1. Among the numbered criteria (1) farther than 23 Å from residue 132 by Cβ; (2) more than 16 Å from ligand 3 (Cβ to nearest atom); (3) assigned to a loop (DSSP other than H, G, I, E, B), which one does residue 177 miss?
2. Picking from 106, 101, which residue would you name as being modelled with pLDDT of 95 or more and under 13 Å from residue 163 (Cβ atoms)?
3. So which residues in region 136-156 are under 13 Å from residue 104 (Cβ atoms) and within 15 Å of ligand 3 (Cβ to nearest atom), if there are any at all?
4. For region 193-209, indicate whether the set of residues that are within 16 Å of ligand 3 (Cβ to nearest atom), assigned to a helix (DSSP H, G or I) and within 14 Å of residue 161 (Cβ to Cβ) is non-empty.
5. From the list 95, 70, which one is surrounded by 16 or more Cβ atoms within 10 Å (Cβ to Cβ), closer than 26 Å to residue 214 by Cα, modelled with pLDDT of 95 or more and more than 16 Å from ligand 2 (Cβ to nearest atom)?
6. In region 129-143, which residues are in a loop (DSSP other than H, G, I, E, B), at negative phi and within 12 Å of ligand 2 (Cβ to nearest atom)?
7. Filtering region 233-249 down to residues that are crowded, with 16+ Cβ neighbours inside 10 Å and either in a loop (DSSP other than H, G, I, E, B) or within 16 Å of ligand 3 (Cβ to nearest atom) (or both), which residue is nearest to the chain's Cα centre (by Cα)?
8. Can you go through 320, 360 and tell me which one is part of a helix (DSSP H, G or I), exposed (fewer than 13 other Cβ atoms within 10 Å of the Cβ) and either under 23 Å from the mean Cα position of the chain (by Cα) or free of Cβ contacts under 8 Å to residues at least 40 places away in the same chain (or both)?
Ligand code: ADP
Ligand code: ASP
Ligand code: MG
């Protein structure tokens, strides 16, 4: 008898027919005698709808109430799936994140899991139930409901697989695995049989939303091997695991595009020690993640000044602007420019460590496609460029096909 954690994303539970389809798949495993813990997301579009409704009342709603609101999406699905299973004579019971023993820190909307005490899950499994846990949510030790960041049901599944020492962790979605690029943007993308944690982590944090990046980080830290596969067919999926030697032979594993970033430029920041520290400390204090940072060469000789550009997640834009307005009196910058029309295109592969010339080739392909590069950043295994949104998808296809077709 194996203990299996299965996670079904929003598109897999998008309507009653899909929920029935999920129940059939879960039932198959249960009937074989396996113990099954199921993690589900909200039905497709529900979380976005809830956010929209709240924002129509107030542009920056309180984060505590947002978490209270968003956690209801998953709570609907767990109960519907339990009912679907019970209708098939499969004993099933649902639990919210808090009931499942998921304790987080208090950072609303992007809480980190502190610990999991899966006592109730074990009790329900031992009594023969399929146990269904609401993804994306937990509670603080003081009992406040929190959420784990967009796409956070992936993290719930991986963290539960680790806490329960599951034999198998399956992430079911609407594609049958991890591809060399988003198949919706790049029709020539190919499915990967396996991918290392580091590559998956880079791809995910750079826009491949097939897995939430924090869930991959967690899997790597605790050695949770997982499979990404489709809830709509039985095709073999993609195995995500520790790097093997054969993986290093592949220079480029994938190309991703993140359209969820925005760029802020502070124009004419006095070129003095401590300026960058002040800006980024204030942003950090407001839990705004900053990704790429570029500081220009300073200009002006009497009172030298510089331009400072950085990227943040688009949903953090309103809060970032409030932070920057608050800095105006403190730092005498001349102007603030905000640009939400950008895309971050990245190319990833562990083999890049031992190969040169990749950056040059990326720049050449972009030049050939008439794409202007606004920012560049690199690490051992990735190259990222910020480009205008209007040509971002075309550029992704061009770069993908130059390296991977
Ligand atoms: P779920 O609702 O199951 O959590 P998501 O919408 O979060 O599913 O993630 C699945 C989507 O991720 C796919 O439909 C696909 O368009 C997108 N995607 C982006 N990059 C990739 C990639 N490299 N491989 C596979 N899918 C990708
Ligand atoms: N429902 C949440 C979201 O849309 C969490 C998830 O789907 O994983 O982000
Ligand atoms: Mg997802």
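The values are calculated or read from the model by the stated rules, or taken from the named source; none is laboratory data. Quantities reported herein were computed from a predicted structural model and do not represent experimental measurements. Every residue, glycine as well, gets a Cβ built from its backbone with ideal geometry; the counts of neighbours run over all protein chains shown.
1. (2)
2. Numbers: 106 fails: under 13 Å from residue 163 (Cβ atoms).
On inspection, the qualifying residue turns out to be 101.
3. Initial filter on region 136-156 (under 13 Å from residue 104 (Cβ atoms)): 136-149, 152, 155-156.
Result: 136, 137, 147, 148, 149, 152, 155, 156.
4. no
5. Working: 70 fails: more than 16 Å from ligand 2 (Cβ to nearest atom).
Being surrounded by 16 or more Cβ atoms within 10 Å (Cβ to Cβ), closer than 26 Å to residue 214 by Cα, modelled with pLDDT of 95 or more and more than 16 Å from ligand 2 (Cβ to nearest atom) holds for just one of 95, 70, which is 95.
6. First pass over region 129-143, keeping only residues in a loop (DSSP other than H, G, I, E, B): 129, 135-136, 141-143.
Cutting the leftovers down to at negative phi gives us 129, 135, 141-142.
Scanning region 129-143 gives a single hit, 135.
7. Looking at residues that are crowded, with 16+ Cβ neighbours inside 10 Å and either in a loop (DSSP other than H, G, I, E, B) or within 16 Å of ligand 3 (Cβ to nearest atom) (or both), I get 240.
8. Values: 320 fails: exposed (fewer than 13 other Cβ atoms within 10 Å of the Cβ).
Among 320, 360, only 360 is part of a helix (DSSP H, G or I), exposed (fewer than 13 other Cβ atoms within 10 Å of the Cβ) and either under 23 Å from the mean Cα position of the chain (by Cα) or free of Cβ contacts under 8 Å to residues at least 40 places away in the same chain (or both).
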